[in-house]
């Protein structure tokens, strides 16, 4: 025989208020007013015939009944959410939302999207160009591409590619008034910097590797986005130190050139990674996009994923 349950809204209001010990914070979480939360909790107490809170002057404290019920209800709502997520995995409609930094998106991803859309014309894509933190595990986006060390928790992490930083410039700088032919010629040119999180990627490290200790490694123009440094290099404003994979298209088309060697001798500590929710890989559109990204990055060689704990 199925036991009768109090209204779900009342149980949800109590669970949220009990976790926060605040009707206001519970209301913020549930997108209702504090008065509505208080009303639901009082209705639940009346229906059960038991007090769940001690209502103090400026605080709430759980009664023994409330203390006993809270962990069970929290686990129950978590299970309900899991069940809903399981049902959603069988619905593959709607947009595929991909979070990516603006520079990486414009220079690497967007020029390749036609190939994905040719293969999967039924999948609609929304590119969210941002560097902000997104909650992939909870489904804020379907897929994220991030540049870092790969230590992302609670999601599936697939290595996309490593890269080396190389100096690039407009072909016009090779034959100008102060032509670029050797690393020493950088003394006469503007350095275009990207404010990398990885110090290994800086002009300071490159100049040290090239043995040029008499050039100020901080002079020049500084940019918070790699794409802006590349734009300045395309305009002939100086020499940018940027990722080789990111500017491969510009180099192949001759819009940018490598004026000289060396580049950094080893791959950078930071790499590009594909992040996806573990449950979302069951969705065909997410799995298709992830697999396509890895094929593009690795020349059709499938990559092995690692699930972060």
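Give me the percent of Cα-Cα pairs in the stretch 213-273 that sit more than 16 Å apart, rounded to a whole number.
53
Mind running the shape call on the stretch 1-68? Use the C-alpha gyration tensor, a ≥ b ≥ c as the square roots of the eigenvalues: rounded below 1.5 for a/c, prolate if a/b tops b/c, oblate otherwise.
Cα axes put the stretch 1-68 in the oblate bin.
Quick one: among 231, 114, 46, which has the greatest mean-square fluctuation in a GNM of the chain with alpha-carbon springs under 10 angstrom?
Among 231, 114, 46, the largest GNM mean-square fluctuation belongs to 46.
Springs between alpha-carbon atoms under 10 Å, Gaussian network over the chain: tell me which of 16, 181, 297 tops the mean-square fluctuations.
Looking only at 16, 181, 297, the largest GNM fluctuation is found for 16.
Give the relative contact order (percent, whole number) for the chain; include only Cα pairs under 8 Å separated by 6+ residues.
22
Nearest 10 degrees, 0 to 90: what angle lies between the long axis of helix 284-298 and the longest principal axis of the chain (Cα atoms)?
20
If you line up the long axis of helix 8-20 against the longest principal axis of the chain, both from Cα atoms, how many degrees apart are they, to the nearest 10?
60
Where does each of 169-179, 285-295 land if you order them by average Cβ count within 10 Å, highest first?
Ranking the peptides 169-179, 285-295 by packing returns 285-295, 169-179.
So what is the calculated 222 nm ellipticity per residue for the chain, using -39500 (n - 2.57) for each DSSP H run with n of 4 or more, over all residues, to the nearest 500 deg cm²/dmol?
Helices in the chain give a 222 nm mean residue ellipticity of -10500 deg cm²/dmol.
Between rounded, prolate and oblate, where does the stretch 117-173 land on the alpha carbon gyration tensor, with a ≥ b ≥ c its root eigenvalues, rounded for a/c under 1.5, else prolate if a/b exceeds b/c?
Oblate.
Translational D (Stokes-Einstein, µm²/s) of the chain at 20 °C and 1.002 mPa s when Rh comes from the Kirkwood sum over C-alpha pairs?
My calculation gives 91 µm²/s for D.
Give the residues of the stretch 157-196 whose amide nitrogen is closer than 13 Å to a point set 7 Å from the Cα of residue 204 in the direction of its Cβ.
Residues 195-196 qualify, since their backbone N sits under 13 Å from the label point.
Could you give the spread of the C-alpha atoms of the stretch 165-253 along their three principal axes, from largest to smallest, in whole angstroms?
The Cα atoms of the stretch 165-253 stretch 31, 30, 19 Å along the principal axes, largest first.
Would you give the gap between the C-alpha center of the stretch 173-194 and the C-alpha center of the stretch 1-66, rounded to a whole Å?
Centre-to-centre distance over Cα atoms comes out at 68 Å.
Could you work out the relative contact order of the stretch 165-253? I mean the mean sequence separation of Cα pairs under 8 Å and 6+ apart, divided by the number of residues, in percent.
Result for the stretch 165-253 is 42 percent.
Given springs between every Cα pair under 10 Å in a Gaussian network model of the chain, which of 269, 31, 165 has the largest fluctuation?
31
Contour minus end-to-end for residue 216 and residue 59, with contour as 0.36 nm per residue of separation and end-to-end as the Cα-Cα distance?
Length gained, residue 216 through residue 59: 50.6 nm.
A short reminder: the numbers here are calculations on the coordinates, not readings from a lab. It should be emphasised that the depicted structure is a prediction, and the values quoted were computed from it without experimental measurement. Don't worry about glycine lacking a Cβ; one is built from the backbone with ideal geometry, like all the others, and counts go over all protein chains shown.
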